[in-house]
């Protein structure tokens, strides 16, 4: 199933009138034994969006990967409205597989508000225009299955397990097959396509796992086309005792800031 089909299935799975079959993630969306975190988080975002009025915009989403979501194994999504006020709605979404919560997500949507405060983003990148897929070309055997769904144009930093001294990744990303539309779930999916920044410092395969992920969306959300590239710059803020903390900024092709991403990653090496 492509990204459009998976997001549609997630929305249908939490519809009140739905009689949909349980959700299943196929092997082409996996990384090792677990589902690719970007697509599973995106599916929860899409499911939660069905409970929100169209005029409210996604402000932030916090995702915790509690356990592995297995491929070819049925799972379900539950969405709970925690509180809805005049302007802001807070929700909780869960992915449940084999009677265990494997992903939990908290989301905040809000209405635009009149304000005297207007501060333009000064965060910019200096990347030249995107060209083509340049990621994992030297060691395709190390590529996780899900990467086949994306084009990644790496501009600075190194591929995983290159024995590099760097701990940053700069480049461009897009869907290899452009989706029919483009919104918050698609951005969520794309942002997680990059590996943790420090994997490039290892000289041989070393496992890692994202524990928590906080994603903020800039308001108002800049216009984006399904086929366009997004720029990505991620830096390591700190790492020790097997845990690494990273922060990334994401822009559209016009150079407008789209989102800010923060992750805590467990590294087993």
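The values are calculated or read from the model by the stated rules, or taken from the named source; none is laboratory data. Remember, it's a predicted structure, so these values are computed and weren't measured experimentally. Glycine gets a Cβ as well: all are built from the backbone with ideal geometry, and neighbour counts include every protein chain shown.
Considered as a group, the residues in the range 1-19 that are surrounded by fewer than 14 Cβ atoms within 10 Å (Cβ to Cβ) and outside any helix (DSSP H, G or I) include one that is modelled with the lowest pLDDT, and that residue is 17.
Restrict the check to the range 29-41 and report whether at least one residue is under 22 Å from residue 216 (Cβ atoms) and exposed (fewer than 15 other Cβ atoms within 10 Å of the Cβ). Don't jump to the end; show me each part of the working.
Here is the first cut: in the range 29-41, the residues under 22 Å from residue 216 (Cβ atoms) are 36-41.
In the following step, the residues that additionally are exposed (fewer than 15 other Cβ atoms within 10 Å of the Cβ) were identified as none.
No, every residue in the range 29-41 fails to be under 22 Å from residue 216 (Cβ atoms) and exposed (fewer than 15 other Cβ atoms within 10 Å of the Cβ).
Within the range 173-180, none of the residues are within 22 Å of residue 124 (Cα to Cα), surrounded by fewer than 17 Cβ atoms within 10 Å (Cβ to Cβ) and touching a residue at least 12 places away in the same chain (Cβ under 8 Å).
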